[in-house]
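Worksheet for the structure shown next.
The values are calculated or read from the model by the stated rules, or taken from the named source; none is laboratory data. Model, not experiment: these values are computed from the prediction. We place every Cβ from the backbone using ideal geometry, glycine too, and count neighbours over all the protein chains shown.
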Amino acid sequence: MWTRMSEIDRLFSAMDLLRSSNLDRSYGEGSGWRVVGGFPKTNMYDNGDSFQVIAELPGVSKEDLNIRIQGNYLELSGTLKSDVPEGYKAHRVERNTSTFSRSFTLDAEVDADRVEAVLRNGLLTLVMPKAESAKLKQITIN
Amino acid sequence: MSENKELSKRTEGMMERQQNLATVAPVVDIYENDDEILLHADMPGVSKENVSVNVDNGTLEITGIRNLHVEGARSWAEFGDVEYRRVFSVPQTIDVGKVDAELKDGTLQLHLPKAEAAKPRTIEIRSA
C-alpha cells in the first residue's frame, strides 16, 4: 500500500517540479494545475537541515486534522466540518465541507520524532528535520 | 540588505493596502435567521490585527492581509502573500452598532444583527 502510494506521489512530484517554474500560476487563473494540487494548498521550502511545509486549512481545528509521516512520505488528511449553527437559512454556501487527504513524497527522509506542527489562524506549519542519513556529510580526506 | 529589512518591517505594521499584493476574494457562507445575518469567510493565515470590517451605507467590506514570512529555498508554492477583499451589499436594517466579528481557525465569523424594526413579528389577533 505504502509503496503504491509513493509511486503515485513520485509522479505528482514530477509535475510539481514543472509547476514550480511558474510559481504564481496557482492564484488567479484557474489553470489545470489546481486539479493536481487539490486541497489543502501547500507551499514547500527546503531549509537545508529541514523541510518546511505550510498548508492552508481554514476552519479546520487541530482535532480534525491528521498528519502522518513515514520516511519520506507525508500525508495530511482530515475533515472540513460544517460550522452552520442550527436554525439558520443558507443564502450562499461557497465553503466546502468534506473530508480531504493529500500526500507528498519528500526529497529526503525526515526524522518523524522531531517534527513540529503548528496550526495557527488556519495555517498549518510543519517543520520536518531531515534524517541524519539524509544530511550532507563532509568527508575528511586522509 | 539592512535597509531592505527596515523597509519590510515598516510595511508589516501597516494595514494600508500594500503594493504588488495579489487581491483574492475569500470564499464565504452567508446564513440568516430572524435575528441576524451570519457571514463566514475563509482567510487562512490572516491574523486578527490584519483584518478589517467596514459597514457603511449599505455596504459591507471585509479585508485581510496575509504575510507568510518564510525563508528557505522554495520547492513549490501554491499560495503566497495576499490581500483578501470582498464587498457585499447589506440591508440598511443592520444594526451597525452591534456587529460582532470573531476570527477562528482562519475563518472570519461575522454576526450582523438586524435592527428591532426589521425583525419579523407575529401579530396577535384579538377577538372582537
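Scanning the stretch A:85-118 for residues that are out of contact with any Pro (no Cβ under 9 Å at 6 or more places or on another chain), under 24 Å from B:Y31 (Cα atoms) and buried (at least 16 other Cβ atoms within 10 Å of the Cβ) yields a count of 1. Within the stretch A:104-126, the set of residues being on the phi > 0 side of the Ramachandran plot and in contact (Cβ under 8 Å) with a residue 40 or more places away in the chain comprises A:G122 only. When you check A:E132 against the structure, is it modelled with pLDDT of 95 or more and more than 9 Å from chain B (Cβ to nearest Cβ), yes or no? No. When each of B:V46, B:V53 is tested for being within 7 Å of chain A (Cβ to nearest Cβ) and out of contact with any helix residue (DSSP H, G or I) (no Cβ under 9 Å at 6 or more places or on another chain), the lone residue that passes is B:V46.
For the condition loosely packed, with under 15 Cβ neighbours inside 10 Å, touching a Pro at 6+ places or on another chain (Cβ under 8 Å) and not aromatic (F, W, Y), B:G58 qualifies.
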